[in-house]
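The values are calculated or read from the model by the stated rules, or taken from the named source; none is laboratory data. Treat the numbers as computed from the prediction; the structure is a model and nothing was measured. Cβ: placed from backbone, ideal geometry, glycine included. Neighbour counts: every protein chain shown. The protein model used for the area step is the full one, side chains on, heavy atoms only, and it has no ligands, DNA or RNA in it. Shrake-Rupley method; radii C 1.70, N 1.55, O 1.52, S 1.80 Å.
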Amino acid sequence: MDTIFYNGIIDTQDEAYPVCSAVAVKNGIITALGNDEEILPLKEKDTELIDLKGSFMVPGFTDSHMHFLFYAQEKGQIDLSGVKNFREAADLCSKYVESARENNRWIRAAGFNQDFWEEKEIPTRMDLDRIADDVPIVMRRTCHHITVCNSKALELAGLLSERKETSCREMGFYEDGTPNGVVREMTQNVISEAMPPLSDWELKELIQSAAKDAARQGITEVQTDDFALIPGDCGERILKIYREMAEQDQLDVRIYEQCSVETTDGLQRFLDNGHKTGESHGFFRVGPIKIIADGSLGAHTAAMTEPYLNEPSVTGVLNYTDEEMEQLVAMAHAHHLQTAIHCIGDDALRQAVLALRKAHLKNPQSDIRHGIVHCQIMNREQQNWFQKLNLIAYIQPVFLRYDMNIAEDCVGKQLAASSYNWRRFADLGVHLAGGSDCPVEKFDVLPNLEYAVTRTNPETGQSWFPENSLTVREALKAFTLEGAYASFSEGVRGTITIGKYADLTVMDRNLLEIPPEEIHNVKILLTMTGGKVTYREAI
């Protein structure tokens, strides 16, 4: 044996053998389960014995939707998540102006949310120009659906000459028709393309850094949408880098890439390059085709069937016509490619469900595991379609921390009450895969678990439709077995079972026994991925 864990409370999440105190691991595989008296005699000369001292072990956590490389990249950017107003954001950016000017660099900041500011308005180009107008400056909103640029950034991206009456770009304009610097949705790719590209070496450094952070949170697999970091090549460079790292054993976390493809031409290139769902390179695998149907609720770009109550002139943004969505989904479906469709507004969900229904009727496929990412604003009939089409619901429970403050203002109490309804999903038997959408939110799993169970902000005590919550065990399943199901790996991961990979997470307290409102205070003590300890704190 390579490793034996003993003297623990091991919640296997396998109904055949639910609880034990010891587990043995060899060659990255779980080889034995039982009590200490049964497992300790399996010790060999070089076996590492790990005394759990009564701590709590579960299958390794999976984050079913995030943006791993964006998180890593933003670690090196100016963090605006804690600022209370634009003045504070400007002061932070001002500190980097001289260095950026001398080194011909962009000033890049991320994480602002104007809804938490004293004056709840998104800054514009002229605001950023007052920081500097000769150095490109970009500020990305926390939702990643809006980027604010100064004049220099717009000029370098070729957007400064756009005019309201002739532009087809997703961007804002002043009353005089000139760009106000607020760039939305896919037009943000134009900004990314104008920035100096990162080298392969820099990207690999980012991935390794992010993987260490994920391991600290007990995460053993991330399902991540990274292609937009390098627009224009249908993800080939990202796929190559992950593949090389996996082949050289440089990944401390499993990667299941959600491949963001915007057009049927792009999808054809993806197919022509030989890619498919399930393509495997050890710790790196190719996952679903990711399609972004709309924007975000906070940015008012989530596509709604009715106007926003707090902005009646706006219904959000559909990134595709119904016909375009149907063509893209049908093409992926016909090639047995899993799809994961970003839908936050109910009109985006209408469009996605319609496309998926037509694809199934025209070309029935078994066990294809399509899903909806976020699936936030919806009525009960729309929710029923998850059961009828056997769709995965990729949910981010921690979103409630922010969205409980804005959802009813945006869509009204009646529609809000049938949205974010994880209880009904569970009762319908829908597969719920838990995630964070990091860096929109942190990828800390424990606060996510708590919000799934309590639907209460521990800092303010504010609750939001607590009747729509999950049990602790259901929430744990969403971040373990259901996460594995979403990546077609429930046969080898997701439970602590003999013959499965040793993907394990150890915590200092038993989540099934403590009050749910204390879950966010639990500490991760150890993470093991494929038999390799990727994070360890003194137990």
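Placing a label point 7 Å from the Cα of Asp115 along the Cα-to-Cβ direction, the residues of the stretch 345-364 whose backbone N falls under 20 Å of that point are 345-349. Per-residue Karplus couplings for the stretch 328-344, computed as 6.51 cos²θ - 1.76 cosθ + 1.60 with θ equal to phi - 60°, are listed in order as 5, 5, 4, 5, 4, 4, 5, 9, 6, 9, 4, 10, 10, 9, 5, 9, 10 Hz, Gly and Pro entered as x. Under 21 Å of direct C-alpha separation, and excluding same-chain neighbours fewer than eight residues apart, Lys45 reaches these lysines: Lys26, Lys532. Surface analysis of the stretch 232-349 yields an accessible area of 36 Å² per residue, using protein heavy atoms and a 1.4 Å probe.
Using the Cβ-Cβ distance between Asp200 and Glu37 with R0 set to 30 Å, the FRET efficiency works out to roughly 0.05.
Based on DSSP, what percent of beta bridges with both residues in the chain are antiparallel, to the nearest 5?
45 percent
Phi-derived couplings, Karplus 6.51 cos²θ - 1.76 cosθ + 1.60 at θ = phi - 60°, listed residue by residue for the stretch 172-181: x, 9, 6, 4, 7, x, 8, x, 9, x Hz, with x used for Gly and Pro.
Going through the stretch 231-333, which trypsin sites (Lys or Arg not before Pro) have at most 15 other Cβ atoms within 10 Å and a DSSP loop state? Answer in residue order: Lys276.
Could you tell me which of rounded, prolate or oblate describes the stretch 415-538, using a ≥ b ≥ c as the square roots of the eigenvalues of the alpha-carbon gyration tensor, with rounded for a/c under 1.5 and, failing that, prolate when a/b is larger than b/c and oblate otherwise? Because a/c hits 1.5 or more and a/b fails to exceed b/c, the stretch 415-538 counts as oblate.
Of the GluC sites (Glu not before Pro) in the stretch 1-61, the ones in a loop by DSSP (not H, G, I, E or B) with at most 16 other beta carbons within 10 Å are Glu15, Glu44.
Between the alpha-carbon centres of the stretch 444-464 and the stretch 280-304 there is a gap of 24 Å. Protection proxy ranking, highest mean first, for peptides 503-516, 390-403: 390-403, 503-516, where packing is the per-residue count of other beta-carbon atoms within 10 Å, averaged. DSSP beta bridges confined to the stretch 197-312 are antiparallel in about 25 percent of cases. Rg/Rh for the stretch 152-292: what does it come to with C-alpha atoms and Rh from Kirkwood? Over the Cα atoms of the stretch 152-292, Rg/Rh equals 1.05. Qualifying trypsin sites (Lys or Arg not before Pro) in the stretch 62-107, where qualification requires a DSSP coil assignment and no more than 16 other C-beta atoms within 10 Å, comprise Lys84, Lys95, Arg105.
Helices in the chain, meaning DSSP H runs of at least 4 residues, each add -39500 (n - 2.57). Divided by all residues, the mean residue ellipticity at 222 nm is -8500 deg cm²/dmol. Each label was represented as a point 7 Å from its Cα along the Cα-to-Cβ direction; for Asp133 and Ala16 these points are 7.1 nm apart. Computed over the stretch 450-510, the convex hull of the alpha-carbon atoms projects to a mean area of 5.5 nm². Distant-in-sequence amide contacts of Ala502, defined by a placed amide H-H separation under 5 Å and a gap of 5 or more residues or a different chain, comprise Ile29, Ile30, Gly530, Gly531.
The Rg/Rh ratio of the stretch 190-239, with Rg taken over Cα atoms and Rh as the Kirkwood radius over Cα pairs, comes to 1.02.
Taking only protein heavy atoms and a 1.4 Å probe, the accessible area of the stretch 279-369 is 53% carbon and sulfur.
Summary value for the stretch 360-400: 47 percent relative contact order, contacts being C-alpha pairs under 8 angstrom separated by 6+ residues. The stretch 88-111 to the stretch 483-539: how many Å between their Cα centroids? Between the Cα centres of the stretch 88-111 and the stretch 483-539 lies a distance of 39 Å. Accessible surface of the stretch 86-240, 1.4 Å probe: 46 percent of it comes from carbon and sulfur atoms. Counting every alpha-carbon pair across the chain, the share separated by more than 37 Å comes to 30%. Cut-off 16 Å, label point 7 angstrom out along Cα-to-Cβ of Glu467: give me the residues of the stretch 435-460 whose amide nitrogen falls inside. From the stretch 435-460, the list is 455. Work out, in µm²/s and without decimals, the Stokes-Einstein translational diffusion coefficient of the stretch 92-230 at 4 °C, 1.567 mPa s, Rh from Kirkwood over C-alpha pairs. My calculation gives 79 µm²/s for D.
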